Structures are given as structure tokens and as C-alpha cells.
Amino acid sequence: MSRRPMAPPMNGPRFNEFIQSPTVRVIDEKGENVGVLNTQVAIARAAEVGLDLVEVSPNADPPVAKFLDVGKYKYEAQKKANLARKTQKTQEIKEIKMRPNIDDHDHDVKMKKIHDFIGEGDKVKVTLRFRGRELAHGQLGMVLLQRVQADTAETAKVEQHPRMEGRQMLMVLAPK
């Protein structure tokens with residue numbers, strides 16, 4: 001197999017002439033340990049079988065290298081990384097808006113939605129909006145947010161305690 005010189009790998013494992021260690025522990029194409037060999041000898045043996053010498057564990061002493069097809073190895077690693085990224089759960093912040101004089105049924109509906117969001121693993125920002133004279137009765141908002149906190153105590157913890165920001169009172173809940 002004729003090889004033309006390539007640029008050193010920017011990312012991914014070192015292979016063939018880019019391996020900097022003078023000796024490497026070699027694993028052949030069948031997965032058997034060949035032993036510690038001079039890097040040049042190992043590259044020649046890999047070329048005999050039509051494969052590349054790929055450094056799989058560069059931090060070992062001596063580094064571990066395998067007889068592999070470097071293109072296929074990089075492709076498999078990329079597929080594995082994409083799968084890991086796809087299954088990763090990102091945590092979002094969902095917002096629930098309430099008013100200080102919310103009715104019991106409306107409160108129950110909002111609480112059901114909060115439980116749903118927390119069950120999905122998202123954080124919930126509970127916002128209480130005050131209008132007009134309601135602003136003078138901030139304690140009503142505190143009582144309501146403490147009620148929300150008590151209702152979600154089993155499934156969520158308070159990440160940000162209730163605080164006033166202008167005409168709004170905010171609290172953030174996170175899944176336990």
C-alpha cells in the first residue's frame with residue numbers, strides 16, 4: 001500500500017510516522033499483545049498487513065498502539081461522540097407565571113405543570129407579578145411562594161430563594 005506524506009493529525013490519535021515515542025507496546029489486528037517494539041519496526045509490520053499503527057493510549061509507558069485502519073477508527077470515534085451528544089439531556093429553565101391572589105384551582109393547574117417540568121429534569125422559575133396596590137402586600141406573594149415550595153418539597157429543591165425584582169417576585173426550583 002503506497003502512502004503519500006500527510007499533514008500531522010490536528011485532532012484524533014497519532015498514527016504511523018506521527019507517533020513520537022521511540023518504542024510502543026503493540027496490539028495486532030486480532031487483538032493479541034505482540035509486545036514492546038521499536039516504532040519504525042511496528043509501522044513496517046502494520047504496513048505488511050495493510051493497516052496503520054494507531055496510538056490508542058498515548059499516556060501509557062510505553063504508549064500502546066494497535067494495527068488499525070486510521071480512517072475507520074476516526075469514523076467510529078466520531079459516531080460514538082455523536083451518539084453521546086445526542087443522548088445527553090440539556091437542562092432548560094421553564095417559567096411559570098402567577099399572580100398573588102391566584103384561585104385554588106388555577107394554583108393546582110400551575111402546580112401540576114411545575115411537577116411535570118421537574119419530572120422532565122428541567123428547572124422551574126416561578127414568577128409572581130404584582131400590579132397596582134398588590135405591590136403593598138408583598139407578604140401575600142411570600143406566602144404563595146412558600147406554599148409552592150412546600151408542595152414541591154419531595155421532588156424539587158429551591159435553587160434561588162424568593163426575592164423581589166421590581167414588580168416581580170422570583171424563585172427558582174431545581175430537581176433533586
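Observations
- Gly141 at positive phi, in contact (Cβ under 8 Å) with a residue 40 or more places away in the chain and assigned by TED's automatic domain parsing to the domain that holds Lys97: no
- Candidate set from segment 43-92 (those that are under 15 Å from Glu29 (Cβ atoms) and among the aromatic types (Phe, Trp, Tyr)); member that is surrounded by the fewest Cβ atoms within 10 Å (Cβ to Cβ): Tyr73
- The set of residues in segment 42-57 being under 25 Å from Asn11 (Cα atoms), more than 37 Å from the chain's Cα centre (by Cα) and free of Cβ contacts under 8 Å to residues at least 12 places away in the same chain consists of Ala44 alone.
- Residue within segment 115-128 that is farther than 19 Å from Ala153 by Cα, in contact with a strand residue (DSSP E or B) (Cβ under 9 Å, 6 or more places away or on another chain) and surrounded by fewer than 16 Cβ atoms within 10 Å (Cβ to Cβ) present: no
The values are calculated or read from the model by the stated rules, or taken from the named source; none is laboratory data. Keep in mind that this is a model prediction, so the values were computed, not measured. Virtual Cβ from ideal backbone geometry, glycine too; neighbours counted across all protein chains shown.
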